[in-house]
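The values are calculated or read from the model by the stated rules, or taken from the named source; none is laboratory data. Since this is a predicted model, take the numbers as computed values, not measurements. Here the Cβ positions follow ideal geometry from the backbone for every residue, glycine too, while neighbour counts run over all protein chains shown.
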């Protein structure tokens, strides 16, 4: 009888340990490897620095950077940016905003003489920054 209680208590403790470990690992915000983080940070600041010279290019570059970061986070390559965005629905907090920013990028890339105002470009960059942070990037 005593051995049954001890075994039961032991199993309960082991199960509790693994449950707590699982919750801890799931709640941790995943970051990027050091070299990937450096790449993201350096490119982000180049994008910000170039905004006043050509904000359309900044939007396109930010979209590319997000595509890169999503590929690293999801561990996929060769998948279009739109498909990666769909897979990140539960990760990116401003999901509608990032889709709006991505569609703006597509308009810039594919429409001749597209008119983009500075305010829309800034809003897009804000959405890209938020998404990068949601993916685990640190942009200091």
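To keep it simple, each residue is scored yes or no on (1) in contact (Cβ under 8 Å) with a residue 24 or more places away in the chain; (2) more than 14 Å from residue 131 (Cβ to Cβ).
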site	(1), (2)
36	yes, yes
59	yes, no
62	yes, no
72	yes, no
75	no, yes
79	no, yes
83	no, yes
91	yes, no
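Scanning the range 103-128 for residues that are farther than 20 Å from residue 52 by Cα and outside any loop (DSSP other than H, G, I, E, B) yields a total of 3.
On inspection, residue 58 fails the criterion of being more than 13 Å from the chain's Cα centre (by Cα) and modelled with pLDDT under 95.
Just one of the listed residues (131, 101, 109, 124) is in contact with a helix residue (DSSP H, G or I) (Cβ under 9 Å, 6 or more places away or on another chain) and loosely packed, with under 14 Cβ neighbours inside 10 Å, namely 109. Checking each residue in the range 64-90 for being buried (at least 16 other Cβ atoms within 10 Å of the Cβ) and in a loop (DSSP other than H, G, I, E, B) picks out only 88. Of the listed requirements (1) modelled with pLDDT of 95 or more; (2) outside any helix (DSSP H, G or I), residue 98 misses just one: (2).
Okay, residues lined up against (1) in a helix (DSSP H, G or I); (2) at pLDDT 95 or above; (3) touching a helix residue (DSSP H, G or I) at 6+ places or on another chain (Cβ under 6 Å):
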{"position": "14", "(1), (2), (3)": "yes, no, no"}
{"position": "18", "(1), (2), (3)": "yes, no, no"}
{"position": "25", "(1), (2), (3)": "yes, no, no"}
{"position": "38", "(1), (2), (3)": "yes, yes, no"}
{"position": "47", "(1), (2), (3)": "yes, yes, yes"}
{"position": "62", "(1), (2), (3)": "yes, yes, yes"}
